[in-house]
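Working notes, structure below.
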Amino acid sequence: MDRTPPGGSRSRIEARDAALSLLGRLRRWIVVVSLGLVAALAGLVAHAKPGKSSTTSGASGGSRDAARSSQPSAGGGSGGDALAPAPAAPAPAISPPAEAPLPAPATPAPPVVSGGS
Amino acid sequence: VTVIATSSFPALGTSAVLLVTNVPRLGLARRILEEELAAIDEACSRFRPDSELSLLNRGHGCPTRASELFIEAIEVALNAARVTRGLVDPTVGRAIAAIGYDRDFEAIAKEEGMRRPVVATGAGRWREIRLNRRARTVHVPGDVKLDLGATAKALAADRAARRVQQAIGGGVLVSLGGDLSICGPAPRGGWLVQVTEDHAAASPTDGQAVRVMGGGLATSSTAVRRWATAEGARHHIVNPASGDSADEVWRAVSVAAASCVHANVATTAAIVHGEAAPGWLAALGLPSRLVARDGRVSRVGGWPEEVGA
């Protein structure tokens, strides 16, 4: 028994299969392009709002850095284990000494000089 | 009377002076200081082509790997910019090179009358610096050059004084080009220091003697590191807003603070602040001595009067 469809039907089936194949490819491309756009958008947002990482380590690092920044220290510290944009952390003040300099006689000549260099 | 051992040697284009009360350990103290100075030079020198700073400045805006020390130095510089609202700005590298300070100062001093037009680099660009501590990278925009001159030397003094004190105990004073950091117990009566305009040309009749118990003491001066250009005399303290040497309202400003970094940031900012400097320093409670262009001396924040004055 000949199961081959008649010529007209076969061409219609081939046309349908080709269209379905094209749709499948188109769908895959749409998915790929969408993922790319989402990634690009995420990158743009991350660049525009740096330091807003959603990772847990970044968040804990931020709080630790904020505490450190509030303490005056020689090392200063701009804050930030992760991306650290300069203006994000509160500004620690310039701290005065525990004791102001005391008056001293000019002689004998001091062994150390503080002056411009 | 406390016995003090002293060692001094050239370093970082200026002089290093080390004083310790633990006299027998002076040798170890000096080795530690030399290590710290070598490390800060490798990280932060603007004139060494192989320094981390030079590599970053040649990086064309690409993220650059950084050592722990270099990251700390940049953090300190960013803090300085933040607490002074940009008066002390590490992104003045292009500006200071444009006005002539583009190599070791000894070479610049011999040059006279070259055209050195100001390059306005735009204030506030320190906000564009990105640090990633985890990846240990630094990123600056391609058209920005950093200069850590306002903070790196002071950071080295603080780090060295702390390390020496931890290693040998007793009282320690480190002076780098006249910027002082003190750790540990001071000698009886405090460390005797002459405060003046030029640390290399001081005399007992120049400036004022004080006793310092701890923390840091720094002096910035527009009277030193000056050079001649076709546009007029320039000095090394740049106003980030103009890209030119700061107006010479003050010949010298000396500040005592909790550390050498804090003191040096305050003196540099005060020079840039100009007329507003005394009020700004007083509001921060920083003992300060300011010498105006005409030699008039102002004292704020509890800075002592001269003995016999």
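The values are calculated or read from the model by the stated rules, or taken from the named source; none is laboratory data. Values in this document were obtained by computation on a predicted structure and should not be read as measured data. For neighbour counting, all protein chains shown are included, and Cβ atoms are generated from backbone atoms with ideal geometry for every residue, glycine included. Just the protein is used for accessible areas: all its heavy atoms, side chains included, with ligands, DNA and RNA removed. Shrake-Rupley method; radii C 1.70, N 1.55, O 1.52, S 1.80 Å.
In nm, to one decimal, how far is the B:Ser298 label point from the A:Ser11 one, both placed 7 Å along Cα→Cβ?
9.8 nm
Would you check the accessible area of B:Lys145, probe 1.4 Å, heavy atoms only, in square angstrom rounded to 10?
Accessible surface of B:Lys145 is approximately 60 Å².
Using the Cα centre of region B:217-309 as the reference point, and only Cβ charges (+1 on K/R, -1 on D/E), how large is the resulting charge dipole? Debye, rounded to the nearest 20.
180 debye
Put +1 on the Cβ of every Lys and Arg and -1 on every Asp and Glu Cβ in region B:1-141; which of B:His60, B:Thr21, B:Phe105 then has its Cα farthest towards the positive end of the dipole?
Going by the Cα projections, it comes out as B:His60.
Return the single residue from B:Ser67, B:Ser259, B:Ser51 with maximal mean-square fluctuation; model: Gaussian network over chain B, springs between Cα atoms under 10 Å.
Looking only at B:Ser67, B:Ser259, B:Ser51, the largest GNM fluctuation is found for B:Ser67.
Consider a paramagnetic label point 7 Å from the Cα of B:Arg103 along Cα→Cβ; state which residues of region B:209-226 have an amide N under 13 Å from it.
Counting backbone N atoms under 13 Å from the label point, the list is empty.
To the nearest 20 Debye, how big is the dipole of chain B about its Cα centre, given +1 on the beta carbon of each Lys and Arg and -1 on that of each Asp and Glu?
Value, rounded to 20: 660 debye.
Expected output is a single nm value to one decimal: the length gained when fully extending between B:Ala167 and B:Arg188, i.e. 0.36 nm times separation in residues minus the C-alpha distance. What is it?
Additional length available on full extension: 5.4 nm.
Going by the alpha-carbon gyration tensor, a ≥ b ≥ c the square roots of its eigenvalues, is chain B rounded (a/c under 1.5) or, if a/c is not under 1.5, prolate (a/b greater than b/c) versus oblate?
oblate
HN-Hα J couplings of region B:272-285 from phi, Karplus 6.51/-1.76/1.60, θ = phi - 60°, integer Hz, Gly and Pro as x?
5, 4, x, 4, 7, 4, x, x, 5, 5, 5, 5, 7, x
Pick from B:Glu34, B:Glu128, B:Glu248 the residue whose mean-square fluctuation is largest in a GNM of chain B, springs joining Cα atoms under 10 Å.
Of B:Glu34, B:Glu128, B:Glu248, the most mobile in the Gaussian network model is B:Glu128.
So what is the accessible area of region B:1-131 per residue, in Å², with the probe set to 1.4 Å?
46 Å²
Working from the alpha-carbon coordinates of region B:124-223, get Rg over Rh, Rh being the Kirkwood radius.
1.10
Exactly which trypsin sites (Lys or Arg not before Pro) in region B:222-309 are in a DSSP loop and have at most 13 other Cβ atoms within 10 Å?
Hits after loop and neighbour filter: B:Arg293, B:Arg296.
I need the calculated FRET efficiency for the pair B:Arg65 and B:Arg31, taking r as the beta carbon distance and R₀ as 35 Å, to the nearest 0.05.
For B:Arg65 and B:Arg31, the calculated efficiency is 0.80.
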